[in-house]
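Below is one structure, written out as C-alpha cells, with a few remarks after it.
The values are calculated or read from the model by the stated rules, or taken from the named source; none is laboratory data. Owing to the predicted nature of the structure, the values given are computational and were not obtained by experimental measurement. A quick note on method: Cβ atoms are made from the backbone with ideal geometry, for glycine too, and the neighbour counts reach across all protein chains shown. Keep in mind that these areas ignore ligands, DNA and RNA; they rest on the heavy atoms of the full protein, side chains included. Shrake-Rupley method; radii C 1.70, N 1.55, O 1.52, S 1.80 Å.
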Amino acid sequence: VVLMSGTSWAGTSTRAHVVAPVGAVLTPSPRSLAAVSESEFSTHFLYDDEGRPLSLSGVEPKARPAACRAMVSRLGSPGRGGAPSPLEQELAKVADSRRRRAILLVGSYKEAYTAAEVLHGMERWHGRVRVLTADDADLEQAVRGSAPPRSEADRVTALRRGDLAMFAQDPTAEVLVAPLMAVERGHNILNAQRNA
C-alpha cells in the first residue's frame, strides 16, 4: 500500500486513516529540494488613500465585496509617479519569463469573480486574468454573474477547477484568481516546459 499523503498516517492518533507503522518514506530529489530552498516569502501591506491598512480577512460579509475590490484595485494599480503596481513588482521577481505567473487567493468562488473583474477592468491586466470556477459551474453565468451580457472581449476568462493545470500553458495568462480551498492540495500547475 502506498499512501500519498502524510495525513493518512498519524501514529497512535484515533483519527489516523491507517493504523500501521511506516515502513518507508519517499523523499524529494536533491534538485527539488534546491528549488524549494530558493523560494522567498515576504509580507506586503496595502493601504488606502488615507494611509489605513486594507484588510479582507475578518470583514463582515456585506462589506467583503467592497473590501475585496479595494484591495485588488490597489494591488493591480500603478504606484505613485507611475511606479509598477505591487502585482507587477512581484511578477518582475520571477526571472524565467515562462514561469512569470501569479495566483491571488480569495475566500470563495464569488469573491474570485469580484477580484478577477477588478483586475480585468484595468488596461494592464485586461485579457491576462483567469478566474477559477467549480467543475460543475455554468461558465457563461459564472463570468457574467447578474450583470447584463457583455462582449466576449469584456469578459474574464473562466477556468474550471479540473482544468487548472492548463493555466500556465496559456501564453496570455498572467494572473489566476481562485478560492484558497479550491487549490490548496492536489494541484500542480505546470507550464509547457513542465515547470511549476
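Remarks
- The residues listed here are V94, V131, V143; of these, the one that is out of contact with any Gly (no Cβ under 7 Å at 6 or more places or on another chain), modelled with pLDDT of 90 or more and either part of a loop (DSSP other than H, G, I, E, B) or open to solvent by less than 70 Å² (accessible area, probe 1.4 Å) (or both) is V131.
- Residues that are closer than 17 Å to D48 by Cα, without any contact (Cβ under 8 Å) to a residue 40 or more places away in the chain and part of a loop (DSSP other than H, G, I, E, B) within the stretch 59-77 comprise just one, V59.
- The lone exception for G107 - which of (1) within 23 Å of N195 (Cβ to Cβ); (2) touching a residue at least 40 places away in the same chain (Cβ under 8 Å) it fails: (1)
- Evaluation of L105 against the conditions (1) at pLDDT below 85; (2) open to solvent by 70 Å² or more (accessible area, probe 1.4 Å); (3) within 15 Å of the chain's Cα centre (by Cα) shows that the sole unmet condition is (1).
- Qualifying residue in the stretch 66-73 (condition: open to solvent by less than 90 Å² (accessible area, probe 1.4 Å) and touching a Pro at 6+ places or on another chain (Cβ under 8 Å)): no
- Taking the criterion of being within 22 Å of G76 (Cα to Cα), surrounded by fewer than 10 Cβ atoms within 10 Å (Cβ to Cβ) and of a type in the set (A, V, I, L, M, F, W, C), the residues of the stretch 19-58 that qualify are F41, F45.
- Index of the failed condition, A116 passing every other in (1) within 19 Å of the chain's Cα centre (by Cα); (2) surrounded by fewer than 19 Cβ atoms within 10 Å (Cβ to Cβ): (2)
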